[in-house]
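Derivation of every value follows stated rules applied to the coordinates shown; laboratory data play no part. Owing to the predicted nature of the structure, the values given are computational and were not obtained by experimental measurement. Using ideal geometry, Cβ is built from the backbone for each residue, glycine included, and neighbour counts are taken over all protein chains shown.
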Amino acid sequence: MKKIEKKIDSIFKTIQTMNGQSSDIKTRKIEQNDNRIGIVFLESVSSDDKISDFLIRSIMTLAKNKKITSKELFTILYNHLFNSTIKEVTTYDDLFFHLASGFTAVFVEDEEKAIVVETRTTLDRGVQESTTDVSILGPKDSFTENPVINLGLIRKRIKDPNLYFEEMKIGRRTKSKVTLAYIQDIASETRVKKLKNRLNEIDIDGILDSGNLRSFLNQQPSSFPKIISTERPDLVCGQLLEGKIAILVENTPFVLIFPTVFVDFLHSPGDYYQKSFNVNFSRFLRLFGFLITLLVPAAYIAIMTYNPEMVPDKLFISIAIQREGVPFPTAFEVLMLGMTFELLRECDLRMPSKMGNAISVVGGLVLGEAAVNAGIVSPFAVIIVAITSISGLLFSDIDMINALRWWRLIFMLFAAVSGMIGVVVASILLITHLASIETLGVPYLTPLAPFLLEEQKDAIFIEKNKNMKHRPSYLTKKNRRRLNFKEGNHEKKA
């Protein structure tokens, strides 16, 4: 462990080097008579009021004596700075742990140690539970519009000097503060550099939200999301520890995460707080829902229009009897019901929560029953569309839900034109499209295609945490081992 140096300029330089010039590191020099004092703190987890009103004023008062040595001044500061928590540290590792915990470091020229004083801020002020990424298990806090608080929510979880925050300004008029967050000794340097270059190439009047960056960072056209947008600090920190990169934009609580692959959207932040067999059942439902929402309406159209031999005769006759008197073709019937559901969903999203819920529930029940009684649609078609639409909502990411909506329509059109052959062709087109997508050089279907056996521990299904000892190889090639776990004798006996 590296020892703290004597000279304040050298100390400041070492701290900035160790932390990659992170934007939340603040330094200050105080020269009082013949004494030279340095102060370092992390803006994201420290209170400006405590530092300026208490700490700096106290130092100015205690250091006013001209005739004391650096050793005497250090002793005076250590003994007379009034604080509930004050410590002495001699190494940079110990120093940074305290800085990340909300302490401010005080250095005296020619002394190879530092005083750390507790000045942490209250990060919970203004922090509320996420409204888009609902947490059943796990932390309840979420990002806010305040960039300093957002950095602090990450810092308080990852107290690592290798956690870098690189700040830049985007927008000729708004000059919005955009911060790149990554762990230097885990994240791929090539991807970090590539992402920085893309951000630096953006020349626009203004960036008002992290969503404005998506079109600039998504270089391949696709309806499928290639970026995770989240309000949850625990999800961001977990992804950073995997080797991913986060982008924070001021005045928005949504943080972007790169690179993202398809299986990431089958995961939920709460998966890592539950038992693996419960999580695997939930992930199976999400995957099953993905297949249902794409294939079931298309298969229904194909069977009723072209391929009745694919279902038992009794089932087909039962459905045909229900459709007797319906004036519309099957494809139009399903499409009309699907559009009605989408209208109700849009109303639910735009209206106030209580009113929106009432509209979606009452509207769905009343319209569905009225349409069946009027003979406009068949009861079986209502069931098909309801199951399909509910299955598409198993994903929490709104962009994935919208992508499935478009591809469901494509599957239905192909089925209406050529039956089950059309469904097969649409499936091939979908797989080909997904296989062609890359995010920062990572194939979108990784680790399924190319198939990586060692990465299947947390792909579609998940193993126990103690079995996931390495970070994904497609995200990072360095520092891959994240767990050293050996079962104790008591576990073996059990």
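A compact table of results
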| quantity | calculated |
| --- | --- |
| Amide H contacts under 5 Å for T446, placed H, 5+ residues apart | F262 |
| Formal net charge of residues neighbouring H470 (Cβ-Cβ distance under 10 Å; K, R +1; D, E -1) | +4 |
| Cα shape, the range 273-439, gyration tensor, a/c 1.5 rule | oblate |
| R0 of 45 Å, Cβ-Cβ distance K314-N467: FRET efficiency to nearest 0.05 | 0.40 |
| Amide N of the range 194-223 lying under 19 Å from the label point, which is placed 7 angstrom from the Cα of E438 along Cα→Cβ | 194-199, 216-223 |
| Cβ-placed point charges (K, R +1; D, E -1), dipole of the chain about Cα centre in debye, nearest 20 | 1400 debye |
| Set K177/K469; K29/K478; K177/K226; K26/K87; K175/K477 screened for pairs whose C-alpha atoms are more than 28 Å apart | K177/K469; K29/K478; K175/K477 |
| Correct option for Cα Rg over 2.2 N^0.38 Å [calculated from the coordinates] among (i) 1.19; (ii) 1.06; (iii) 1.24 | (iii) |
| In nm, spacing of pseudo-spin labels at R480 and L81 (7 Å Cα→C-beta vector) | 4.4 nm |
| D209/T305 FRET efficiency (R0 45 Å; Cβ-Cβ; nearest 0.05) | 0.55 |
| Whole-Hz ³J(HN,Hα) from phi, Karplus 6.51 cos²θ - 1.76 cosθ + 1.60, for the range 316-333, glycine and proline x | 5, 5, 4, 5, 5, 5, 5, 7, 4, x, 6, x, 10, x, 4, 4, 5, 4 |
| Sequence-distant residues sharing a close amide H with F103 (under 5 Å, placed H) | T119 |
| Quotient of Cα Rg and 2.2 N^0.38 Å for the range 124-198, N being how many residues it contains | 1.29 |
| Least to most buried among R155, R350, R283, R214 (fewest other Cβ within 10 Å first) | R350, R214, R283, R155 |
| Total formal charge among the other residues, if their Cβ is under 12 angstrom from that of K275, Lys/Arg +1 and Asp/Glu -1 | -1 |
| Per-pair calculated FRET efficiency, R0 = 30 Å: L430 and L343 via Cβ, rounded to 0.05 | 0.70 |
| Which of D53, D185 has the fewest Cβ neighbours within 10 Å, and the rest in rising order | D53, D185 |
| Under Karplus coefficients 6.51, -1.76 and 1.60, residue-wise ³J(HN,Hα) of the range 465-476 in Hz, glycine/proline x | 4, 5, 8, 8, 8, 10, 6, x, 5, 7, 9, 8 |
| Proximal charge balance of V249 [Cβ under 14 Å; K/R count +1, D/E count -1] | -2 |
| Cross-link pairs K7/K193; K6/K194; K169/K244 - those with Cα-Cα distance over 29 Å | K7/K193; K6/K194 |
